[in-house]
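**Q** Take a look at this one; I'll ask things after.
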Amino acid sequence: MIDEKYIELMNKEIDGVITKSEQERLHNYLSANSEAQKLYNDLRQTSELLSKIPRVEPSPNIKKYVMNSIDLNRYSKATKPGRLKALVSNLLIKPTPKLAYAFALGILVGILVYSALLENVISKRGTDVADFYGTIGIDEKAGFKTIQSMPIALP
C-alpha cells in the first residue's frame, strides 16, 4: 500500500513543481518500495504519452452547442402552488402520502368503523328489563331487600 502523500509527491515531480527536500524524500521512499517505484514509472509513462498527443482546438461554436443542449425546465425554479392545491396534491397525487396524514386518516376510518359496528350491536339487542340494575331493577342474586316496588309497563 502506497501512502497518499507519496503519490502526491510523485505527481508533483512529474508536473515539475516539487521542492528539493520533497524530491529527496520521494527518491528515498522509491528506492525502498518497489511497488511505489512501479507506480511512479507508470505515471511517468502515462504523462509522456499524453504529452505526445496533439492538441485539438474546439469548435468556435462549442459554447452555443453546450448551452443549447441544457434542458432549462430541469433547472428552472418551479412555481409554488397554492396551499390547498399543494395539500390535495400531497394527499392524492403523490404515491406515498405523508405519515401524519396517513395516521389521521387511519384514526378517522377506525372511529367510523367502530361506530357502525357498535350501532348494529345496539340496535339488535332490544330493551330487556332484566338488564336494568341498581335502584330501578330487582336483583335477587345480589341479596338486596326491596323497600318499594313500582311496576314498569313497557309498550
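Each reported figure results from applying straightforward, stated rules to the coordinates on display, with no laboratory input. Nothing here was measured: the structure is a model prediction, and the numbers come from that model. Reconstructed Cβ throughout: ideal geometry from the backbone, glycine too, with neighbour counts over all protein chains shown.
**Q** FRET efficiency for Leu108 and Asp71, Cβ-Cβ distance as r, R0 = 41 Å, nearest 0.05?
**A** 0.45
**Q** Another question, if that's okay. Assuming 0.36 nm per residue, please report the length gained on full extension of the stretch Arg83 to Asp15 beyond their Cα-Cα distance.
**A** Gain on stretching Arg83 to Asp15: 18.7 nm.
**Q** Could I ask something else about it? Listed highest first by mean packing, meaning other Cβ atoms within 10 Å per residue, what order do 3-16, 38-51, 63-76, 103-116 come in?
**A** Top of the packing list down: 3-16, 38-51, 103-116, 63-76.
**Q** What is the extension gain from Ile62 to Ala100, computed as 0.36 nm multiplied by their sequence separation minus the C-alpha to C-alpha distance, in nm to one decimal?
**A** 8.6 nm
**Q** So if we plug the beta-carbon distance of Ile2 and Ile53 into 1/(1 + (r/R0)^6) with R0 = 35 Å, what FRET efficiency do we get, rounded to 0.05?
**A** Efficiency computed from Cβ-Cβ geometry: 0.85.
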